[in-house]
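Taken together, the values in this text are just the output of simple stated rules run on the coordinates, not laboratory data. On a predicted model such as this, the values are computed, not experimentally measured, just so you know. Glycine gets a Cβ as well: all are built from the backbone with ideal geometry, and neighbour counts include every protein chain shown.
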Amino acid sequence: MTQTQENVVVPAAAKILPVNLSHLSRVGARPAFLDYLVQLWDFRSFIIYDARARVKSGTRRDKLGSAWLLLNPIFNGVTYFVIFGLLLGTGNGIPNFIGYLTIGIFMFQMTSGAITGGARSIQQNRALVQGFTFPRAALPLGVNIREAMVNVPMILAMLLLVLVIPPTEPITWRWLLIIPVLLLQFLFNLGVGMALARVISRVNDVSHLLPFALRALMYLSAIFFSYERFIQHPVLLSIMQANPMFIIIDITRDCLLYGVTPALQSWVVLTAWSLSALIIGSVYFWKGEESYVRG
């Protein structure tokens, strides 16, 4: 051992040892996209458990509990029927307007709730995002799974209303086509929600604009009127028919109300919308992975 002028003892012959840093990664670094999807899959148990817990606790403080999951869309349907069906007469010429309106409201509410929840998932869980390391896509994905669980009784109620409210509609094999419709709707909701989650995490003001955007989407989805009103306006008609929410509702009405097999073009366009939303939304969300911690 030797001693320097500053009286600091240092080794006489310090030995430099090589350190392999190839297996180390920066804390919070964004992984490759495929690795990110693998991490998300590894968190599947947590995502499903959290979704179930939030479904059970969502209406725990209400005396009617989970009944509100059915009462909310039913009350919305009654309100729209009184205003648009009775007062404004928008249902004139639409066979089985009550069933037409019921399907439109229930299907739109499923998308509205999923997109709103997914879009706000990062901002509303800021403490969780900054306190723990996990793929942040688990949050909007968990919201969509929770909404899917919540929507199961809503879908059953919608089918029941179509069966019991006159004029009643018979059950046909086309009712099974609602399953792929709901799957494509889930993918579309998830993709849009993930894209908006990144935007709102940086600019919270967008969350105040989201209800207005969803309201505009609702009016473009022909929920309480027929799209035939726009036959004399080809531009508006084209915009409406290209609207993914309109396609979802229109396919569902064909299957449940009219006993008609939906056109292949409708399936192709809806599939393109859903896959495009999912791919673009997930990649866009993944690219902002490191920014969510900084807030």
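Things to note:
- Relative contact order, whole percent, for region 31-288 stands at 27, derived from Cα pairs under 8 Å and 6 or more residues apart.
- Unit Cα scatterers, Debye sum, region 31-288: log10 I(q)/I(0) for q = 0.08, 0.12, 0.15, 0.16 Å⁻¹: -0.34, -0.76, -1.15, -1.28
- Signed unit charges on C-beta, dipole axis of region 31-288, positive-most listed residue Gly288, Phe224, Trp273: Gly288
- Sorting the segments 177-185, 38-46 by their residues' average number of neighbouring beta-carbon atoms within 10 angstrom, most packed first, yields 177-185, 38-46.
- For region 207-295, size of Cβ-based charge dipole, Lys and Arg +1, Asp and Glu -1, in debye: 180
- The Cα-based radius of gyration and maximum Cα-Cα distance (Dmax) for region 90-162 are 17.0, 57 Å.
- Debye-sum result for region 187-263 in log10 I(q)/I(0), which assumes one identical scatterer on each alpha carbon, at q = 0.11, 0.20, 0.23 Å⁻¹: -0.39, -0.96, -1.10
- Over region 163-295, volume per residue of the alpha carbon convex hull, in Å³: 138
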